[in-house]
Amino acid sequence: MFSKYQHSEIKVYERDIHLSATVSGVATRHDAPQSPQMPAKSYAQYCPVASALDVLGERWTLLIVRDLAPGPKRYTDLREGLPGIATDLLTARLRTLESAGFVARRELPRPAPAVVYELTDAGRRLTPVILALAEVGVEMLDAPKPTDHVAAERVVLFGLQCRFRPDASPALSESYQLQVDGQPFSVDVANGAAKVEPGVASHPAMTLTTDARTLVALGRRETNPDDALAAGSAQLEGERAAFDRFMDAFVPAPGQRGQAPAPAPAQGAS
């Protein structure tokens, strides 16, 4: 689901924000209910892009789609993962997405009955759009602030995926297990592509246990594997060489996108 994808670029402009996004299909009027609830605000343009943004362009909406892309979530899970959103606004956004045919509610059976929200087939067609936004956004990210909400799922499924460098190790064929803030993620690299998803890798060359902020710091080269392991902020099971291969495949060289700037040479150095 989160593997690299083939695409053709389409420039998508949302109000004053210019984003280069990949659109592999959004819900059409045939995918959605015949009379969806119309959004309170509309671009009033006879255009498929404007029509999609009438539903998806409001604040928080695409973040809800992002959080549902890995799988179903309860309302409380969504609310906890979106600090700052008012409960009535989250309810309104979910209702709009349901009405437009992107999201559906489902009741889980016993012994743990609960209502979850999940993407429909039309909603899952938005996943390449979310990944394209991540490709753009990873270049804009600085180091997280102490007040930023840094979630393992987003750091791994979107941040790590976007950092994969197929040219760095074109012959690499290996699996890795990540345990980030107690959540398992599998990383499979083969044939110049990476597949990153929640769950357990079948035969990982190494297992890295860490927290989301340390993984970000490793990805930005603000710390290195030796320091992280020595400090105990990361623990390794398996080959140390496999950890190095993982870093080579997913961590750009200093000065490239999403990296801390390379340190300036000392004054007087020749």
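The values are calculated or read from the model by the stated rules, or taken from the named source; none is laboratory data. Computed from a predicted model, the values in this text were never measured in an experiment. As a convention, Cβ positions derive from the backbone with ideal geometry for all residues, glycine included, and neighbour counts pool all protein chains shown.
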Residues satisfying the stated conditions in the stretch 50-97, i.e. in contact with a Gly (Cβ under 8 Å, 6 or more places away or on another chain) and either more than 21 Å from THR147 (Cβ to Cβ) or of a type in the set (Phe, Trp, Tyr) (or both): VAL65, LEU68, LYS73, LEU97
Test: VAL129 is at negative phi and not assigned by TED's automatic domain parsing to the domain that holds ARG106: no
Considering residues of the stretch 48-63 that are within 18 Å of ARG154 (Cβ to Cβ) and without any contact (Cβ under 8 Å) to a residue 40 or more places away in the chain only, the residue surrounded by the fewest Cβ atoms within 10 Å (Cβ to Cβ): ARG59
Qualifying residue in the stretch 73-91 (condition: surrounded by 17 or more Cβ atoms within 10 Å (Cβ to Cβ), closer than 21 Å to VAL55 by Cα and of a type in the set (Lys, Arg)): yes
All positions within the stretch 99-154 that are aliphatic (A, V, I, L, M), over 19 Å from TYR75 (Cβ atoms) and assigned to a loop (DSSP other than H, G, I, E, B): LEU126, VAL138, MET140, LEU141, ALA143, VAL150
THR207, sole failed condition from (1) modelled with pLDDT of 95 or more; (2) over 21 Å from PRO170 (Cβ atoms); (3) surrounded by fewer than 17 Cβ atoms within 10 Å (Cβ to Cβ): (3)
LEU229 touching a strand residue (DSSP E or B) at 6+ places or on another chain (Cβ under 8 Å) and without any contact (Cβ under 8 Å) to a residue 12 or more places away in the chain: yes
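Out of all the residues in the stretch 62-77, is one or more farther than 23 Å from ASP181 by Cβ and of a type outside the set (Ser, Thr, Tyr)?
We begin by selecting, within the stretch 62-77, every residue farther than 23 Å from ASP181 by Cβ; these are 62.
Next cut, of a type outside the set (Ser, Thr, Tyr) only: 62.
Yes: one or more hits.
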Complete set of residues in the stretch 170-184 that are buried (at least 16 other Cβ atoms within 10 Å of the Cβ) and either in contact with an Asp or Glu (Cβ under 6 Å, 6 or more places away or on another chain) or of a type in the set (S, T, N, Q) (or both): SER175, GLN177, GLN179, ASP181
Looking only at the stretch 92-108, and only at residues there that are under 14 Å from VAL55 (Cα atoms) and of a type outside the set (A, V, I, L, M), the one that is surrounded by the fewest Cβ atoms within 10 Å (Cβ to Cβ): ARG95
